[in-house]
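The values are calculated or read from the model by the stated rules, or taken from the named source; none is laboratory data. Everything quoted here is computed from the prediction, not taken from an experiment. For neighbour counting, all protein chains shown are included, and Cβ atoms are generated from backbone atoms with ideal geometry for every residue, glycine included.
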Amino acid sequence: MTTTPQAVRRASPRTRRAATPPDPARPLLPDVEPVRLLDQSGTPLPARTDYPEPPVEALRELYRRMVLGRRFDTQATALTKQGRLAVYPSSRGQEACQVAAVLAVRDTDWVFPTYRESMALVARGIDPVEVLTLLRGDWHCGYDPAAVRTAPQCTPLATQCVHAAGLAHGEAYQGRDTVALAFIGDGATSEGDFHEGINFAAVFKAPVVYFVQNNRYAISVPLSRQTAAPSLAYKGVGYGVPSEQVDGNDPVAVLAVLTRAVAHARAGNGPFLVEAHTYRMEPHTNADDATRYRDGAEVDAWRDRDPVTRLETYLRARGVLDDAAVADIAEQAETYAADLRTRMNEQPTVDPLSLFDHVYAEPTPQLIEQREQVRAELAAARDEEGDA
Amino acid sequence: MTTTPQAVRRASPRTRRAATPPDPARPLLPDVEPVRLLDQSGTPLPARTDYPEPPVEALRELYRRMVLGRRFDTQATALTKQGRLAVYPSSRGQEACQVAAVLAVRDTDWVFPTYRESMALVARGIDPVEVLTLLRGDWHCGYDPAAVRTAPQCTPLATQCVHAAGLAHGEAYQGRDTVALAFIGDGATSEGDFHEGINFAAVFKAPVVYFVQNNRYAISVPLSRQTAAPSLAYKGVGYGVPSEQVDGNDPVAVLAVLTRAVAHARAGNGPFLVEAHTYRMEPHTNADDATRYRDGAEVDAWRDRDPVTRLETYLRARGVLDDAAVADIAEQAETYAADLRTRMNEQPTVDPLSLFDHVYAEPTPQLIEQREQVRAELAAARDEEGDA
Amino acid sequence: MATTMAKALNTALADALAADERVVVFGEDVGQLGGVFRITDGLQARFGENRCFDTPLAEAGIVGFAVGLAMSGLRPVVEMQFDAFAYPAFEQIASHVAKLRNRTRGALSVPIVIRVPYAGGIGGVEHHCDSSEAYYAHTPGLKVVTPATVADAYSLLREAIEDPDPVVFMEPKKLYFASADAELPARTEPFGRAVVRRPGRDATLVAYGPAVPVALEAAEAAREEGWDLEVVDVRTIVPFDDATITASVRRTGRCVVIQEAPGFAGVGAEIAARVQERCFHALHAPVLRVAGLDIPYPAPMLEHTHLPGVDRVLDAVARLQWDDQPDPRWSVQGSAA
Amino acid sequence: MATTMAKALNTALADALAADERVVVFGEDVGQLGGVFRITDGLQARFGENRCFDTPLAEAGIVGFAVGLAMSGLRPVVEMQFDAFAYPAFEQIASHVAKLRNRTRGALSVPIVIRVPYAGGIGGVEHHCDSSEAYYAHTPGLKVVTPATVADAYSLLREAIEDPDPVVFMEPKKLYFASADAELPARTEPFGRAVVRRPGRDATLVAYGPAVPVALEAAEAAREEGWDLEVVDVRTIVPFDDATITASVRRTGRCVVIQEAPGFAGVGAEIAARVQERCFHALHAPVLRVAGLDIPYPAPMLEHTHLPGVDRVLDAVARLQWDDQPDPRWSVQGSAA
Ligand SMILES: Cc1ncc(C[n+]2csc(CCOP(=O)(O)OP(=O)(O)O)c2C)c(N)n1
Ligand SMILES: Cc1ncc(C[n+]2csc(CCOP(=O)(O)OP(=O)(O)O)c2C)c(N)n1
Ligand SMILES: [Mg+2]
Ligand SMILES: [Mg+2]
């Protein structure tokens, strides 16, 4: 994250010529400091012409969905403890990123989430039970991606970056002004597919926003093992892609920066890269033991930057959020969680024979043969039960 | 290659804050203009403190090997026409890059060449017949990579970028000050392995110099289809790797820039990225028809930037090269070519049974079985000939 | 009228582009150059840069981009320049192309055609001659097709582009410029159908792609030795036609499977296993395999030793226990050596 | 003393690091965390950050980095976090790791061990349960090994690290925490040797990795049905032990091959093909296969339907034509359905 000694040595001859001619890199580089519109306590910072503050209604809705999102997240963690979910990757602490991102795009846009984005998907309005199907384990993708314009949550890291480029190009090719929003983590930026995806998007000027949630860890591996760059946003210039870094725990800044990035893409200027500096408060998944690789002090420091409190403080100070509203939203969250709990407590039934239905549009003779065998096995099993 | 309109629009707020704090990207970015020490006609440009001109003896040797290298290249092309080689990818026009690169490293350093680097390898002192074995087709790699500290010429594009990182790290780990020089083309920078290789090198501070010969085409595909970046050297900053661009047809500049890059790596500062702007005068290989994708005018324009003439003019002007020396070197080149011709005209013999010798250290029972079968077939064939 | 397989493939792509607005063709050098084998020659000129175009040089990118385009409703046909250069795309192929329909209960489909010029016999240098069909055939969700005739090249490629599922379309390089009489557009047997290329009574040679001409040549040569051999062209590896092959072997009672890929765990192993499972009581001899050696593809001067040729096929046929003697090569000692 | 396979692997790595300065262990989360399965637990603390370390998150990078380290004289042992996450490294594995020795006539070698936790039965979500051994077994130049016992886990891993050739070391996830009595350091049979885990007279079950416990269980259950089954553990897929397996089947006259991977063109196909080639005259029934279904690995709630279990194995045994009736399932009509 720091520059090499030699780099400093090189600085002088550089600056000597820095003026002439204009540096083509400059407009593509991120601000040296992450964009921040609220300070840690939620007090507004000087307004910025390049990142106007979103309308208050949007900020209130952002707050509401963040509260519901967090409640969803804690409920999902609880369901895991009760054995209702095989595993759950929490995004607690990343609420500003998860929710602002989906508010920055339209329903007609496409979202490319990872396993980390369950909160983002419910914030986008997808049925939470359908979102959790993957983790409950009755099937892989529980929602209809075409219907909700959201790709299945992607586990093979960074592969979705290329899909987003293709989808965005395909939509533009067919005359639609769809923007693709691709989520990716800090660790996954080390994968070749991140490089290939953003490069395809840049070369074809495809309307994609690459949104890196830099939560400082890839499971146990710290950012310093992923990159020696000043910051991940500095990768944009190498593709000719303008980039920005933002305080990922400042909900107002995240929404402002992503809104601009989406507008940039929709206007036909090609992809945009946004890096949000944030932190995952929970372990990688419930199966992970975070105490093995990070200490409590670090986690506590980030607790003070809680994005939900931060936004709440700001909205209250602006007088657009009062106790009544907060209580009402909290109640909505409880109802949402209760409903989810009830529905997740129903044991889903899945027909084993459906395993053969979607491998191909029509099963091959080989699959039909295997399906008949399984059908016979199931019948035999039923008979035995009958006997017993 | 140009910046997006919006990018220009963004410029103002940027520059407004550009001063504070110091931009960590600046020391990692290349000069806006490729480094050039000789102009197109071979006249020296103002000296640069950051890139001191190499000693005259080095430049004379550079010239000598470029002449020999070009002669080797034309000879190889001729051998292809005579059917002595299956295929040959010429690097005519890239002599400055091919030769200066290998002169910038030590015999104890490791070189990672591609199929394009045959000229570089003979300039490094590898037996030309061993270099051409791959293309003659009697085996894959004709030289002993361990003996000449040169990896086999790499065909799967960009994969060598990762090997170079590993080799360099391994050498440092064992206390040796070896530098790895990895060649790569402009097109191959689009591959994920370029990204992963340079990133591994950066994270482990491995002493690797990545040398991109940007000859503007990947077979028929122009640079504009590979990147929207201002230039390929701008990829370095995204890895925290200092980078430079250089006029690839200015032999003095290429040697100066690579010498510095190698010193940077050897000093323990991690990798360095150099992009050389050059041009391939011949088709991709003899099998290619370049007229399908580029016009003669473009080729002619580059003919005027011939690196050999350029260096010769300069050295003559400096009075360190005269007709006698030029004639002597030309004669050395002819002898070299004649010797190569003679040796390549001998039909190599390869034992079919050797196919089983190096798949594993010891052949598996399955391979032994197959070897016996082939042995029997060969015996039977001999008998038939006997009868005939 | 005499046509080459290369021309048939080119015509199939042109006809598909003309027939369906959603078809797009892309890859490395497929645009202005028309592909290193000229399979896409003239397509960009005729259909424009939006329908046939070059991409950045990155195979995972090409296949992943195709996945995204397919999600947007298009029907991408991508070219991998050579067999071994499809390996960078392996994750995209195995984890996305093959699985997307199943993962989404059919809500998303990926009607992509991945064209792979494969196999050797062309004097190519390393990494240009791999036979990689088994990697795809072992990956559920992919269809794997490989033509051996000019008419099939056209018909199977058109069908692949029309197919609702992803198809890995393996093109035998060495047959690109072999020409035959074929009236295009031709429609031959559909996916899932193997074809008897030569009827015979004594034994069945099962082959696909580049091995089919070898099998036919061997069958011709075998006549002099008094054997009447049947030759079956598999054509579509997935889905596989058990019916045609089983029927043939039950008739002849003997079977040799021929493939150019290294034998170990190749498609030929699957075919041999299936045939003996289904034809056990009809077999007078074990199902034998003639395959490439279990070595990396050799340099040009040695490839003829590697490739299954007519003599090797005839040797196998000769071992089909016409005299009911067990095959001595496979004494336990021998294989334990 | 009772030990788990996970512990045996961990001990093998520790002993290898202690025994040979050149050994380095790296991958994703193998350092401080000790790996997501804790196979590298404690190694970084004991041997330092230079000998056991985390890398950037990129599998082609990890394997390619290992190639470079091997060229510099080290002996890298890399971990792929899960089976499907080795696919990004496929080009590095197939085009470099497998071929480097051959390309250079032995001047360079790549003594790398690529550890791949594989297969299912652990309720893992998609992409975490692939059985990918066939991809590697079909690639000449790679050795492919998979332990089914705690002692083999230790011994085969030590041998893999000492081996002069690259080894893809496939670790059956579901067996990681199964424990057994094993004195470590243990040295069992070397590469290239299959082992009879259970002697029997009536039929031979051939299995490897996660399928071995299934085979043993099935053999137990079969006793009640009056069948005395022999169980052979393949252990090393490449090199393959024809001798042991052929000897067994020649004795029993019947054979069922069991694998968890989808059956089509899998390793089981190779084994079935080899066995019928070599044991034709000893066979009373076709060699049958029990394999995973030809589908993408299912979601947790359905994996038991996919996995070859005891019942499916017993069904196959029952079909070994004890009464010499041909198997009705494979009437031509049936398979053409
Ligand atoms: C290709 C691939 N390799 C490895 C994994 C295993 N894995 C799952 S999540 C993860 C860490 C990802 O970290 P990051 O990209 O920072 O995202 P985060 O989990 O922090 O949101 C790893 C290594 C995977 N899913 N895909
Ligand atoms: C992974 C891979 N994909 C495709 C190819 C086929 N191929 C060989 S050279 C080449 C063009 C490379 O262009 P560039 O990197 O600019 O190097 P140049 O040939 O111009 O020196 C291509 C596509 C390959 N060798 N490897
Ligand atoms: Mg992270
Ligand atoms: Mg080039």
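Cβ-Cβ distances below 8 Å connect the following pairs, each with a first residue in region A:261-287 that is closer than 30 Å to B:THR227 by Cα and more than 16 Å from ligand 2 (Cβ to nearest atom), a second residue that is modelled with pLDDT under 95 and not in a helix (DSSP H, G or I), and a separation of six or more residues or different chains: A:ASN269/B:THR4; A:GLY270/B:THR4.
Being within 19 Å of C:PRO111 (Cβ to Cβ) and buried (at least 23 other Cβ atoms within 10 Å of the Cβ) is the filter here; which residues of region C:1-16 pass it? If the condition is that a residue be within 19 Å of C:PRO111 (Cβ to Cβ) and buried (at least 23 other Cβ atoms within 10 Å of the Cβ), then C:LEU9, C:ALA12, C:LEU13 are the ones that fit. Close Cβ contacts (under 7 Å, 6 or more residues apart or on different chains) running from residues in region B:361-376 that are within 7 Å of another protein chain (Cβ to nearest Cβ) to residues that are acidic (Asp, Glu) comprise B:ALA361/D:ASP165; B:PRO365/D:ASP242; B:GLN366/C:ASP294; B:LEU367/C:ASP294; B:GLN370/C:ASP294. Here C:GLU220 fits the description: away from every other protein chain (no Cβ under 14 Å), surrounded by fewer than 19 Cβ atoms within 10 Å (Cβ to Cβ) and farther than 16 Å from C:GLU133 by Cβ. Of all residues in region B:232-245, one or more are under 12 Å from A:GLY238 (Cα atoms), assigned to a loop (DSSP other than H, G, I, E, B) and more than 16 Å from ligand 3 (Cβ to nearest atom). Taking the conditions exactly as written (surrounded by 23 or more Cβ atoms within 10 Å (Cβ to Cβ), away from ligand 1 (no atom under 16 Å from the Cβ) and charged (D, E, K, R)), does C:ASP41 satisfy them or not? No, not satisfied. The residue pairs whose first member lies in region A:206-233 and is free of Cβ contacts under 8 Å to residues at least 12 places away in the same chain, whose second member is near ligand 3 (Cβ under 8 Å from one of its atoms), and whose beta carbons are closer than 9 Å, counting only pairs six or more residues apart or on different chains, are A:ARG225/A:GLY187; A:ARG225/A:ALA218. Considering C:ARG193, C:ARG274, the condition of being of a type outside the set (A, V, I, L, M, F, W, C) and either part of a helix (DSSP H, G or I) or more than 11 Å from chain D (Cβ to nearest Cβ) (or both) is satisfied by C:ARG274 alone. For the subset of region B:347-360 comprising residues that are of a type in the set (A, V, I, L, M) and within 12 Å of chain D (Cβ to nearest Cβ), which member is surrounded by the fewest Cβ atoms within 10 Å (Cβ to Cβ)? Among residues in region B:347-360 that are of a type in the set (A, V, I, L, M) and within 12 Å of chain D (Cβ to nearest Cβ), the one surrounded by the fewest Cβ atoms within 10 Å (Cβ to Cβ) is B:VAL350. Taking the conditions exactly as written (buried (at least 24 other Cβ atoms within 10 Å of the Cβ), of a type outside the set (Phe, Trp, Tyr), more than 8 Å from every other protein chain (Cβ to nearest Cβ) and more than 16 Å from ligand 4 (Cβ to nearest atom)), does A:PRO242 satisfy them or not? When the stated conditions are applied, A:PRO242 does not pass them. Within region C:69-92, the set of residues being facing chain A (nearest Cβ under 9 Å) and farther than 21 Å from D:ALA84 by Cα comprises C:LEU69, C:ALA70, C:MET71, C:SER72, C:GLY73, C:LEU74, C:PRO76. Taking (1) more than 20 Å from D:VAL212 (Cα to Cα); (2) within 14 Å of chain C (Cβ to nearest Cβ); (3) in contact (Cβ under 8 Å) with a residue 40 or more places away in the chain; (4) of a type outside the set (Asp, Glu) in turn, D:THR104 satisfies each apart from (3). Hey, any hits in region D:135-156 for a residue that's more than 11 Å from D:THR236 (Cβ to Cβ), in contact (Cβ under 8 Å) with a residue 40 or more places away in the chain, at the interface with another protein chain (Cβ under 10 Å from one of its Cβ atoms) and part of a helix (DSSP H, G or I)? Yes, that holds for at least one residue.
The residues of region D:27-68 that are aliphatic (A, V, I, L, M) and within 13 Å of chain B (Cβ to nearest Cβ), listed by number, are D:LEU57, D:ALA58, D:ALA60, D:ILE62, D:VAL63, D:ALA66, D:VAL67. For region A:189-216, the set of residues classified as away from chain B (no Cβ under 12 Å) and surrounded by fewer than 24 Cβ atoms within 10 Å (Cβ to Cβ) consists of A:ARG216 only. Here D:ALA70, D:ALA86, D:ALA60 are screened, and the one residue that is closer than 24 Å to D:LYS7 by Cβ and not charged (D, E, K, R) is D:ALA86.
When region C:37-59 is limited to residues that are in contact with a Ser or Thr (Cβ under 9 Å, 6 or more places away or on another chain) and in contact (Cβ under 8 Å) with a residue 24 or more places away in the chain, the one that is farthest from B:GLN226 (Cα to Cα) turns out to be C:CYS52.
Would you confirm whether any residue within region A:113-121 is aliphatic (A, V, I, L, M), within 11 Å of chain C (Cβ to nearest Cβ) and assigned to a helix (DSSP H, G or I)? Steps first, answer last, please.
Here is the first cut: in region A:113-121, the residues aliphatic (A, V, I, L, M) are A:119-121.
Narrowing further to those that are within 11 Å of chain C (Cβ to nearest Cβ): none.
No.
What about B:HIS140, is it more than 14 Å from chain A (Cβ to nearest Cβ) and either out of contact with any Phe, Trp or Tyr (no Cβ under 9 Å at 6 or more places or on another chain) or within 16 Å of ligand 2 (Cβ to nearest atom) (or both)? Spelling it out, B:HIS140 is indeed more than 14 Å from chain A (Cβ to nearest Cβ) and either out of contact with any Phe, Trp or Tyr (no Cβ under 9 Å at 6 or more places or on another chain) or within 16 Å of ligand 2 (Cβ to nearest atom) (or both). Only one of the listed residues (D:SER95, D:SER109) is in a loop (DSSP other than H, G, I, E, B) and either surrounded by fewer than 24 Cβ atoms within 10 Å (Cβ to Cβ) or within 9 Å of chain C (Cβ to nearest Cβ) (or both). That residue is D:SER109.
Looking for whichever is more than 16 Å from ligand 2 (Cβ to nearest atom), aliphatic (A, V, I, L, M) and touching a Ser or Thr at 6+ places or on another chain (Cβ under 9 Å) here; the options are A:ALA147, A:ALA86, A:ALA123, A:ALA101. Which one fits? Full working, then the answer.
Numbers: A:ALA147 fails: touching a Ser or Thr at 6+ places or on another chain (Cβ under 9 Å); A:ALA123 fails: touching a Ser or Thr at 6+ places or on another chain (Cβ under 9 Å); A:ALA101 fails: touching a Ser or Thr at 6+ places or on another chain (Cβ under 9 Å).
Only one candidate passes the filter, namely A:ALA86.
For region D:102-125, a tally of residues being more than 14 Å from D:GLY209 (Cα to Cα) and either touching a Pro at 6+ places or on another chain (Cβ under 6 Å) or not charged (D, E, K, R) (or both) returns 16.
For residues that are within 26 Å of A:GLY187 (Cβ to Cβ) and either at pLDDT below 95 or over 22 Å from the mean Cα position of the chain (by Cα) (or both), tally how many sit in region D:10-22. Talk me through it step by step, then tell me what you get.
Residues of region D:10-22 that are within 26 Å of A:GLY187 (Cβ to Cβ), as a first pass: D:10, D:13, D:17.
Going one step further and asking which of them are either at pLDDT below 95 or over 22 Å from the mean Cα position of the chain (by Cα) (or both), we end up with D:17.
The number of residues fulfilling the criteria is 1.
Check off (1) away from ligand 2 (no atom under 16 Å from the Cβ); (2) aliphatic (A, V, I, L, M); (3) in contact (Cβ under 8 Å) with a residue 12 or more places away in the chain; (4) at the interface with another protein chain (Cβ under 9 Å from one of its Cβ atoms) for B:VAL179 and give me the number that stays unchecked. All conditions are met except number (4).
Conditions tested, residue by residue: (1) in a helix (DSSP H, G or I); (2) in contact with a Ser or Thr (Cβ under 9 Å, 6 or more places away or on another chain).
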| site | (1), (2) |
| --- | --- |
| A:ALA265 | yes, no |
| A:MET281 | no, yes |
| A:ASN286 | no, yes |
| A:ARG310 | yes, yes |
| A:VAL326 | yes, no |
| A:MET344 | yes, no |
| A:LEU353 | yes, yes |
| A:ALA361 | no, yes |
| A:GLU372 | yes, no |
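Scanning region B:182-213 for residues that are farther than 23 Å from B:LEU103 by Cα and either within 13 Å of ligand 2 (Cβ to nearest atom) or assigned to a strand (DSSP E or B) (or both) yields a total of 8.
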